[in-house]
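Below is one structure, written out as structure tokens; the observations come after it.
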């Protein structure tokens, strides 16, 4: 058995260094760089730097990254402009590896600035940026290849393409796994989303019908689970790509998910034949694509072993990390902190209402504090239903609220949360002094379990009480 495993590993390792056409990798590099430049541009046109990072009094921090703060003065604007320049350099393939590394660091800074703004596509951008540093995507159709002609190549080692494919495969697969839950299988929250998009072109008039709700819910689940195998199968590859592209375009219309649909379409092209851009160009030139002699610089045996080990380790981490919600108690639908870094997307809508109660034991006085008293509206849609941001709010109030004596303030919360139209329930134990609770990577003991069943189709107990609902598009 051990010998068979060794032979299999040796075969996979040798396959990893087989040269493949670099065209699809180059296309992804260019598209990624241009999308990121556009992504940066939207921060200026929509004043998002001011709204998200400069106006709020409190920014929420990832565990261990409380030291990350906004730059003083115009530092954030300069930083964001530099990030856009690095993105354009990636697209052009100019000082490529340095540009990719600087883009990753600059993007990671904004990612760490505010934990409450976590979205899966931001995490994906960080991962793709990391991969582009090590992948030789600049060996063709780039400024670097023009300057250093000896580095020009029409091929890349197969591991480079498979790393990018593997990353996107993880996103699809775990996006499908997350949908195998009772709420999604009963049509929620798609029923709620579709009812608010009856103006969708052509098919919007069917969105209130149950058959359409279940078609969309189960169709999204099946697509996420099976799109990668269908993309690998030559007979279904083109059809599967078209379906995936249509799926992402629909998501762009239904959900506010920023650049993700376009990035996902660009990443899905990696599953096509590696030379598809070359073939497409030849069609427009009314010719047949010339055969390319695929050659790459052969790494030494030792370097091959190192590269192969690092690639396998990276992919293993990507496949293992999303398993953590299944290993923790508390319910993935209820404690949102378990959604991070595991591709649980568009699974629920929340309706929330609640207050903090700050008590000064010296004066024996309790003040009720609404989150709107110290948070901006853009922050209100997220802090309530993330336990670690609730805790940071409590610590902030304990730090900043006035007190009469030396005794520390106590902070309790009365927060009601409704998930996918259920009857609202207390989310946080109202008897716990949150100011005395320390942060931890483990699920907090003061988050209460949910007991309410999903209501029948057409009934929504949350909106009658709270008036508005928040769609989680992460």
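The figures follow:
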item	result
Residue in segment 430-449 that is in a strand (DSSP E or B) and in contact with a strand residue (DSSP E or B) (Cβ under 7 Å, 6 or more places away or on another chain) present	yes
Subset of segment 366-398 [more than 18 Å from residue 430 (Cβ to Cβ) and in contact with a strand residue (DSSP E or B) (Cβ under 7 Å, 6 or more places away or on another chain)]	381
Qualifying position, being more than 22 Å from the chain's Cα centre (by Cα) and at pLDDT 95 or above, among 87, 23, 100	23
Helices (runs of 4 or more DSSP H) wholly inside segment 123-186 that include at least 1 residues being without any contact (Cβ under 8 Å) to a residue 24 or more places away in the chain	143-147
Exclusive hit being more than 20 Å from the chain's Cα centre (by Cα), modelled with pLDDT under 90 and surrounded by 14 or more Cβ atoms within 10 Å (Cβ to Cβ), set 299, 293	299
Scope segment 188-203; condition part of a loop (DSSP other than H, G, I, E, B) and in contact (Cβ under 8 Å) with a residue 60 or more places away in the chain; matching residues	188, 189
Top-ranked residue in segment 379-401 [being in contact with a helix residue (DSSP H, G or I) (Cβ under 6 Å, 6 or more places away or on another chain) and outside any helix (DSSP H, G or I); ranked as modelled with the lowest pLDDT]	385
Within segment 302-318, tally of residues that are surrounded by 14 or more Cβ atoms within 10 Å (Cβ to Cβ) and at pLDDT 90 or above	7
Members of segment 217-243 found to be surrounded by 15 or more Cβ atoms within 10 Å (Cβ to Cβ) and either modelled with pLDDT under 95 or farther than 22 Å from residue 345 by Cβ (or both), listed by number	236, 237
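Rundown of residues vs (1) surrounded by fewer than 19 Cβ atoms within 10 Å (Cβ to Cβ); (2) over 24 Å from the mean Cα position of the chain (by Cα), yes/no style:
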residue	(1), (2)
350	no, no
358	no, yes
361	yes, yes
383	no, no
388	no, no
399	yes, yes
405	yes, yes
417	no, no
422	no, yes
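Residues checked against (1) touching a strand residue (DSSP E or B) at 6+ places or on another chain (Cβ under 6 Å); (2) free of Cβ contacts under 8 Å to residues at least 40 places away in the same chain; (3) surrounded by 18 or more Cβ atoms within 10 Å (Cβ to Cβ):
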position	(1), (2), (3)
249	no, yes, no
256	no, no, no
261	no, yes, yes
271	no, no, yes
274	yes, no, yes
282	no, yes, no
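Results for (1) buried (at least 21 other Cβ atoms within 10 Å of the Cβ); (2) modelled with pLDDT of 95 or more; (3) over 14 Å from the mean Cα position of the chain (by Cα); (4) not assigned by TED's automatic domain parsing to the domain that holds residue 49, shown as yes or no for each residue.
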residue	(1), (2), (3), (4)
109	no, yes, yes, no
130	no, yes, yes, no
140	yes, no, yes, no
150	no, no, yes, no
155	yes, no, yes, no
159	yes, yes, yes, no
165	no, yes, yes, no
171	yes, yes, no, no
179	yes, no, yes, no
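The values are calculated or read from the model by the stated rules, or taken from the named source; none is laboratory data. Keep in mind it's a predicted model, so treat the numbers as computed, not measured. Virtual Cβ from ideal backbone geometry, glycine too; neighbours counted across all protein chains shown.
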